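Read the structure below first, then the notes.
Laboratory data are not the source of any read-out in this text; all were calculated from the coordinates shown. As the structure is a computational prediction, the values presented were derived from the model and not from experiment. No Cβ is skipped: glycine too gets one built from the backbone with ideal geometry, and neighbour counts run over all protein chains shown.
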Amino acid sequence: MYKNNQVTVSGKIRNAFTYAGEKNEKPVCTAELDIIRKHHRYPHTVTVMVPSEMVGANEDYAGQMVIVTGGLRSYDTSGEAGQGLGIYIMAETITITTAQERQVNEVCLRGVLCRRPLTKIVSHDNLVTMFFLAVDYQGQTAYVPCSVGDLQAMDVAAMDVGTELEISGRIHSRYSRLSVWIYQDKTSLRRI
């Protein structure tokens, strides 16, 4: 069965988890996770939110290599620099691991195209189409920014708002903005 919103990433926790308020009447904590990139010097950095009881008062995750599973959530960043939507991971599990274990950065989403796609030409005449996918996570809607290149960019650009899609990709950052980058194969983006 295909889950609507599923994320598995590995990386290094940048800072200690700190109290961030309540979500669904339960206390939550956040920390920054640096997702290690294979061929780049700088990591993708994403906020991880967890129920307070998951990280415990005596555990210090700062500097630890971890694997996080959960779902993507979105939040309004209009009050911050770089207006728009931000994304974070609502963690269901966090497992301390070693640097030698397999690096993972996988996102699987099923949702509805909720805004008209925008296509741009980037370096060397490569096309990139950016769009937002409305996906469910635990009964709430997350609006996830997504990007797709060359092979499928024009296909997505021609889709209508309301089109249902299943996508698989990875968390990606460009110019300090996070999105889901869709893999370049025929099975990574599918109309439902």
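If the chain between K120 and R191 were fully stretched, how many nm would it gain, using 0.36 nm times the residue separation less the Cα-Cα distance?
On the way: separation 71, 0.36 × 71 = 25.56 nm, distance 2.20 nm.
So the extension gain works out to 23.4 nm.
Let's test the formula: R0 of 30 Å, r as the Cβ-Cβ distance of A20 and E101. What FRET efficiency results, to the nearest 0.05? Walk me through the intermediate numbers first.
Values: r = 28 Å, r/R0 = 0.93.
For A20 and E101, the calculated efficiency is 0.60.
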- Query: Among G139, G111, G86, which one shows the biggest mean-square fluctuation in a GNM of the chain, springs joining Cα atoms closer than 10 Å?
  - Reply: G139
- Task: Compute the Cα gyration tensor for the chain, then decide on rounded, prolate or oblate, letting a ≥ b ≥ c be the square roots of its eigenvalues: rounded whenever a/c is under 1.5, prolate when a/b is larger than b/c in the other cases, and oblate in all that remain.
- Result: prolate
- Charge-dipole axis of the chain as Lys and Arg at +1 and Asp and Glu at -1 on Cβ define it, positive-most pick from L109, V66, I167: I167
- Task: Amide H neighbours of T45 under 5 Å, at least 5 residues apart or on other chains, H built in the peptide plane: list them.
- Result: I35
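Could you give the size of the charge dipole of region 106-191 about its Cα centre, using +1 on the Cβ of each K and R and -1 on the Cβ of each D and E, expressed in debye and rounded to the nearest 20?
For region 106-191, the charge dipole is close to 200 debye.
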- Message: Which residue fluctuates most in the GNM of the chain (Cα springs below 10 Å): H172, H44, H124?
- Response: H124
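For the chain, what does the helix formula give at 222 nm: sum of -39500 (n - 2.57) over DSSP H segments with n ≥ 4, over the residue count, nearest 500 deg cm²/dmol? If you can, show how the numbers build up before the last one.
Working: 2 runs with 12 residues, N = 192.
Taken over the chain, the calculation gives -1500 deg cm²/dmol.
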- Under a 5 Å amide H to amide H cut-off, with H placed in plane at 1.01 Å, what residues pair with F17 once short-range neighbours are removed? Y61, A62
